[in-house]
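Enquirer: To start, I am sharing the structure in question, which I have written as structure tokens.
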Amino acid sequence: DEGYAPARSQGRFLSAGAVQNVIGVLPGADRSKPAVLVMSHYDSVANSPGAADDAAGVAAALEVARALKAGPRPARDVIFLFTDGEEQGLLGADAFFARDPLRERVGLVINMEARGDSGRAAMFQTGPGNGALMHLFAREARRPAANSLAAAVYEKMPNDTDFTHAVKAGLPGLNFAFIDDQLAYHTPLARADHLDQGSLQHLGDQVLPTVRALATAADLPAKAPNAVYSDLFGLVMVSYPVEVAWGLLALAGALVLYALVRGLMIKGTSVVELLKGLCGFLLVGVSGGLVLHLAGKLLGVVDLQGHYALLGRFNPLLLGGTALLVGTALAVVIGQAKGAARIWPSLLALAAGGLTCLIGGPALDPIGLGLGVAAAVLVWASLGKPVGVLGAWIGALVGLLAIALATMVLLPGGSVMTAWPLLVAALAAVLVLAKGGTRNKRVALALTFFVALAAVAVVAQVGAWGGWTFAGLGVELPAILAAFGLLALPALIPLAHDFSALKLAAIPATLVAGLGAALGAYAVLAGASATRPELTEAAHLSDLSTGRAYRISTLPRLDAWSRGALTAQGGTPTQQELVPFFKSKAWLADARPVPLDPPQLVLEQAGERLLVRVIPGPGAEYVTVRIRPDGMLAGARLNGRPVPLTTKAGEWTSLTYHAPDPSGVTLSFSRLNGSGRVEAAALEVREGWPRATPSPGAKPEGLMAWGLSDKTLVLTRASVKW
């Protein structure tokens with residue numbers, strides 16, 4: 001069958017390909033019931049064995065099939081779909097959900113993915129109407145990992161998996177993945193011996209009992225309003241309707257109100273102190289965000305090679321970012337408790353905001369500049385005269401309550417991350433205010449223990465959320481950690497105020513921040529190694545339209561190996577545009593032409609249609625065809641089937657076809673009336689170096705192949721007039 005990826009760039013870029021899905025059906029007792037579809041993909045990208053993405057999902061699906069077959073017969077069919085062409089644009093999933101007759105029998109979908117080689121397998125996306133399904137998942141899954149904020153955020157991101165087609169079809173379901181150690185994502189490190197077996201086991205621990213419960217149930221869970229949910233310490237799952245989420249927020253609000261009124265009544269604080277406490281809470285978030293945003297700029301990630309180099313240092317980056325945040329937060333709390341002067345912190349904030357505009361070249365950084373100005377204003381609003389612990393604590397609770405309310409209104413699924421830390425911290429404050437001042441040592445000790453326990457619980461849960469979110473959004477965005485610092489802060493303020501009473505409290509805070517800076521510097525400066533290699537690329541390009549040959553790298557920087565590969569035949573690498581292919585300039589060095597079986601690119605008229613036909617050479621993995629008409633062409637068809645591909649006069653339109661049939665690929669359009677001209681170019685990619693040219697030597701430790709590395713590229717051009 002053929003699969004199609006959604007067209008991009010106003011319909012002018014389309015990916016398609018010949019796919020071979022593998023499907024198995026475990027028959028149920030009543031085959032008329034809606035079936036459960038268990039889905040994973042068996043393809044990978046070039047230069048990656050794909051042990052995690054997605055051989056792990058395939059292995060888990062096969063084990064689920066074995067376990068179900070060994071048990072009682074399920075009540076309904078369980079369909080196992082192993083898709084092809086996921087990496088090329090969800091091609092196999094498109095073919096199944098668009099044209100396979102089995103699609104009509106699917107009632108619910110379970111998909112398994114990976115974006116790394118280790119970590120807990122998280123259920124990060126659901127289908128529509130997940131309320132009842134989440135109740136089943138919370139009950140059945142072992143050691144569940146999920147939260148509704150991740151699902152809500154993922155819906156707004158441009159990422160896709162095969163599960164995207166299930167969602168578009170309106171099917172309920174669950175999507176799983178593990179995402180730690182992303183250096184192995186789409187790289188040669190994705191080997192079976194590199195895969196964390198615990199991650200694979202955790203994936204199965206959640207999927208198998210969930211699928212078994214669905215397969216044996218009399219009815220699949222009915223669609224119900226989306227639930228708010230989260231795992232707690234990876235042990236249990238809480239899942240409840242949005243109405244309950246509002247109730248929890250109301251309870252937290254009542255506790256905060258009690259704490260505020262009680263604090264004022266016993267004269268433990270004042271309105272001014274409460275306002276300064278609120279501003280101090282905001283200052284922690286803003287200054288923490290500013291410091292981490294500045295750190296992110298200093299990391300200097302400007303390209304793919306830099307991104308992957310940092311992925312190899314993810315743990316030091318996470319620990320370093322956390323240490324910087326803790327050091328900054330302690331500085332604010334200590335400054336409030338001791339009544340620090342305001343002039344130097346405000347100037348420092350403005351300087352940091354300005355510095356973000358200079359790193360990477362003079363350019364306005366509205367985020368960094370805005371954070372710097374906001375931090376300076378909040379310094380003047382929160383520092384100066386000392387603020388007592390109750391003023392800082394209750395002010396922070398009011399701040400988090402406002403954030404929780406905004407989250408509840410704007411993103412209900414995210415309320416799980418704000419309501420529970422608020423509820424725990426507010427309960428601790430209420431207990432202290434209700435029983436505080438007691439002379440009973442046991443009660444005082446119990447209160448201290450509860451406050452400490454609440455802080456530990458909140459930090460552990462919020463830390464898990466923050467680490468997973470940092471991994472999901474990318475190492476270039478350490479500032480996201482500041483949001484999780486705000487979530488934990490109200491539970492930590494009483495302990496932090498006790499710490500600030502120490503005479504030399506500023507020294508540990510400075511050391512913690514210094515440790516964070518040192519870890520960040522290590523992440524940037526540490527060299528590559530056999531276990532943490534960096535990307536390299538070198539390939540051979542034959543341009544049949546000019547008779548010239550090159551050695552090529554599309555990565556922005558050459559290392560010693562790729563430079564040696566490009567210069568091996570006497571050429572000097574220079575960055576050039578290869579029109580109409582590649583978004584950025586590529587490194588090209590002249591090489592000796594080699595004989596090869598060329599692809600054929602033919603443009604011809606057939607009645608009222610223009611035909612663009614490509615007959616691939618032997619071993620073609622894929623071919624990209626780009627055409628540029630001098631007027632608009634309409635009615636695009638691919639191998640006779642209508643496709644959503646559009647053209648624009650004077651602009652390039654692109655089709656990438658994967659696994660082309662040796663007999664060729666035909667793209668056709670309705671021809672314009674009158675005269676016209678169309679330019680076309682085809683770039684074919686084959687595995688390995690040409691047989692007639694020596695390949696470069698083995699890559700040294702510390703480097704790994706990426707993308708087009710060790711491929712043969714063949715470029716040909718044609719045009720037609722009428």
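The values are calculated or read from the model by the stated rules, or taken from the named source; none is laboratory data. Computed from a predicted model, the values in this text were never measured in an experiment. So basically every Cβ, Gly included, is an ideal-geometry build from the backbone, and we count neighbours across all protein chains shown.
Enquirer: Condition first: within 25 Å of Gly707 (Cα to Cα) and within 21 Å of the chain's Cα centre (by Cα). Can you find one or more residues in region 125-139 that meet it? Let's see the steps before the verdict.
Expert: Let us first name the residues in region 125-139 that are within 25 Å of Gly707 (Cα to Cα), namely none.
Looking through region 125-139, none of the residues is within 25 Å of Gly707 (Cα to Cα) and within 21 Å of the chain's Cα centre (by Cα).
Enquirer: Among the residues in region 651-660, are any surrounded by fewer than 20 Cβ atoms within 10 Å (Cβ to Cβ) and over 30 Å from Leu311 (Cβ atoms)?
Expert: yes
Enquirer: I would also like to ask the following. Looking at region 276-312, which of the residues that are out of contact with any His (no Cβ under 7 Å at 6 or more places or on another chain) and assigned to a loop (DSSP other than H, G, I, E, B) is farthest from Leu535 (Cα to Cα)?
Expert: Within region 276-312, the first condition is being out of contact with any His (no Cβ under 7 Å at 6 or more places or on another chain), and the residues that meet it are 276-300, 302-312.
Then keep just the ones that are assigned to a loop (DSSP other than H, G, I, E, B); that gives 300, 302-303, 312.
Values: Gly300: 17, Val302: 14, Asp303: 11, Gly312: 11 Å.
The qualifying residue farthest from Leu535 (Cα to Cα) is Gly300.
Enquirer: Taking interchain pairs and intrachain pairs at least six residues apart, which have beta carbon atoms under 9 angstrom, with the first residue in region 383-406 and basic (Lys, Arg) and the second buried (at least 22 other Cβ atoms within 10 Å of the Cβ)?
Expert: Lys385/Glu273; Lys385/Lys276
Enquirer: Could you look through region 283-295, keep only residues that are under 14 Å from Gly335 (Cα atoms) and among the aliphatic types (A, V, I, L, M), and pick out the one that is nearest to the chain's Cα centre (by Cα)?
Expert: If we take residues in region 283-295 being under 14 Å from Gly335 (Cα atoms) and among the aliphatic types (A, V, I, L, M), then Val284 is nearest to the chain's Cα centre (by Cα).
Enquirer: Does Gly360 qualify as being assigned by TED's automatic domain parsing to the domain that holds Leu502 and either under 17 Å from Ala479 (Cβ atoms) or not in a helix (DSSP H, G or I) (or both)? Even if it seems obvious, please write down each step before you answer.
Expert: On the way: assigned by TED's automatic domain parsing to the domain that holds Leu502: yes; either under 17 Å from Ala479 (Cβ atoms) or not in a helix (DSSP H, G or I) (or both): yes.
Yes.
Enquirer: Can Arg686 be described as modelled with pLDDT of 95 or more and closer than 26 Å to Gly547 by Cβ? Spell out how you get there, then give the answer.
Expert: On the way: modelled with pLDDT of 95 or more: yes; closer than 26 Å to Gly547 by Cβ: yes.
It is true that Arg686 is modelled with pLDDT of 95 or more and closer than 26 Å to Gly547 by Cβ.
Enquirer: Step by step: first the residues of region 496-512, then only those that are closer than 30 Å to Leu310 by Cβ and buried (at least 19 other Cβ atoms within 10 Å of the Cβ), then the one that is modelled with the highest pLDDT. Which residue is that?
Expert: Ranking the qualifying residues of region 496-512, first place goes to Val512.
Enquirer: Which of the residues belonging to region 661-682 are more than 38 Å from the chain's Cα centre (by Cα) and either surrounded by fewer than 16 Cβ atoms within 10 Å (Cβ to Cβ) or not assigned by TED's automatic domain parsing to the domain that holds Gly640 (or both)?
Expert: Ser663, Ser670, Asn673, Gly674, Ser675, Arg677
Enquirer: Same structure, new question: When residues of region 27-52 are filtered for being acidic (Asp, Glu) and farther than 20 Å from Ala95 by Cα, how many remain?
Expert: The initial filter retains those residues of region 27-52 that are acidic (Asp, Glu), namely 30, 43.
Next, from what is left, pick out any that are farther than 20 Å from Ala95 by Cα: 30.
Looking only at that region, the number is 1.
Enquirer: Out of everything in region 461-482 that is of a type outside the set (A, V, I, L, M, F, W, C) and not in a helix (DSSP H, G or I), what residue ends up being modelled with the lowest pLDDT?
Expert: Top of the filtered list is Gly474.
Enquirer: Among Gly339, Gly370, which is within 35 Å of the chain's Cα centre (by Cα) and either not assigned by TED's automatic domain parsing to the domain that holds Glu476 or not aliphatic (A, V, I, L, M) (or both)? So that I can check it myself, show each step before the final result.
Expert: Working: Gly339 fails: within 35 Å of the chain's Cα centre (by Cα).
Answer to the selection: Gly370.
Enquirer: Now, a different point. Can you tell which of Leu558, Leu519, Leu515 is of a type outside the set (Phe, Trp, Tyr), in contact with a Leu (Cβ under 6 Å, 6 or more places away or on another chain) and at pLDDT 95 or above?
Expert: One residue alone meets the criteria, Leu519.
Enquirer: Something else now. Can you name every residue in region 497-553 that is small (Gly, Ala, Ser) and assigned to a helix (DSSP H, G or I)?
Expert: Ser500, Ala506, Ala509, Ala513, Gly514, Gly516, Ala517, Ala518, Gly520, Ala521, Ala523
Enquirer: In region 618-635, how many are at pLDDT below 95 and on the phi < 0 side of the Ramachandran plot?
Expert: Residues that pass the stated criteria total 7.
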